[in-house]
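Structure, as structure tokens:
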Amino acid sequence: MIKTVLWDVDGTLLDFRAAERAAIMRCFELFGLGECTEEMVARYSAINASYWLRMELGEITKAQVLVGRFAEFFSSEGVECADIEAFNREYQLRLGDTVCYCDDSYALVSRLRGRVRQYAVTNGTVAAQAAKLTNSGLGELFDGIFISDIVGVEKPGKGFFDHVLARIEPCEKNEIMIVGDSLTSDMRGGNNAGIVCCWYNPQGLPNDRGVRVDYDIRDLHEIEALLAGEGA
């Protein structure tokens, strides 16, 4: 019986692509960099995803992600940005301006209050995640929020989950489930922690990372069935 749910935020509860698109377009305006086309957004998104993956695999640090992705993007697009660090800081703030729920996640998390304990577990920066969780209203629904910048360890590191498990309401590991869209961050992290792993996989992608996935779901509403024992 699952008593505690650890929720990933970006790409799971909230539509990160929508926020990403709006944030980078707004920053181009604020920094006077000209038009950021849909094609440019798509190319940036791919670069950004590759940098986060490299961090999750332990190849680079978060600091290298935050600046390196924009340095590569601007270079590849021939865009002159005088202060990439300032651009990144503004981008973090703008990420919280656009709130789009995945599968009506706000209502789902609301319904689960009182049935299970719920915590946010995220690798996002404090500035970005604080804005998202406040503007979305999700922050008020959780029993706790764990952001890697504050914890001091990134998902999927065991240290991140050791920190979380030491601070949530005590229960057995088989009563704790992480729900997330990333195999390399959420599912591998769940594997490292020895807890139940639920992969939010709306596109039906293959598990090509060799990680244990206990539940592979297409829609977040399936969580309610799992908690009721129907998906066991």
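The values are calculated or read from the model by the stated rules, or taken from the named source; none is laboratory data. Since this is a predicted model, take the numbers as computed values, not measurements. When we count neighbours, we look across all protein chains shown, and the Cβ atoms used for this are built from the backbone with ideal geometry, even at glycine. All accessible areas refer to the heavy atoms of the entire protein, side chains included, with ligands and DNA or RNA removed. Shrake-Rupley method; radii C 1.70, N 1.55, O 1.52, S 1.80 Å.
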**Item:** Positive-end residue of 187, 226, 199, charge dipole of region 149-232 with Cβ unit charges
**Value:** 187
**Message:** What does the charge count around residue 34 come to, taking other residues whose C-beta lies under 11 Å from its C-beta (Lys +1, Arg +1, Asp -1, Glu -1)?
**Reply:** -4
**Item:** ³J(HN,Hα) computed for each position of region 91-103 - Karplus, 6.51 cos²θ - 1.76 cosθ + 1.60, integer Hz, glycine/proline x
**Value:** 4, 4, 5, 5, 4, x, 6, 10, 10, 10, 7, 7, 6
**Message:** Straight-line reach only, C-alpha to C-alpha below 15 angstrom: list the aspartates and glutamates that residue 155 could link to, leaving out same-chain residues fewer than 8 apart.
**Reply:** 8, 10, 56, 59, 181, 186
**Request:** Could you list the square roots of 5 times each eigenvalue of the Cα gyration tensor of region 104-192, that is, the equivalent ellipsoid semi-axes, sorted largest first and rounded to whole Å?
**Result:** 19, 17, 12
**Equivalent ellipsoid dimensions for the chain as semi-axes, Å, which come from the Cα gyration tensor, largest first** = 31, 18, 16
**Asked** In Å, what Rg and Dmax follow from the Cα atoms of region 56-161?
**Response** 16.2, 52
**Relative intensity, log₁₀ I(q)/I(0), of region 124-165 from a Debye sum that treats every alpha carbon as a point, q = 0.13, 0.15, 0.16 Å⁻¹** = -0.28, -0.38, -0.43
**Residues of the chain: accessible area per residue with a 1.4 Å probe, Å²** = 45
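Which value, in debye to the nearest 20, gives the size of the charge dipole of region 116-201 about its Cα centre, when Lys and Arg are +1 and Asp and Glu are -1 at the Cβ?
Using Cβ point charges on Lys, Arg, Asp and Glu, region 116-201 gives about 140 debye.
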**Message:** Within region 150-232, what whole-number % of the accessible surface is contributed by carbon and sulfur, with the 1.4 Å probe and all protein chains included in the calculation?
**Reply:** 46
**Complete:** Connecting every pair of Cα atoms under 10 Å apart in the chain and solving the GNM, the largest mean-square fluctuation among 46, 128, 120 falls on 46
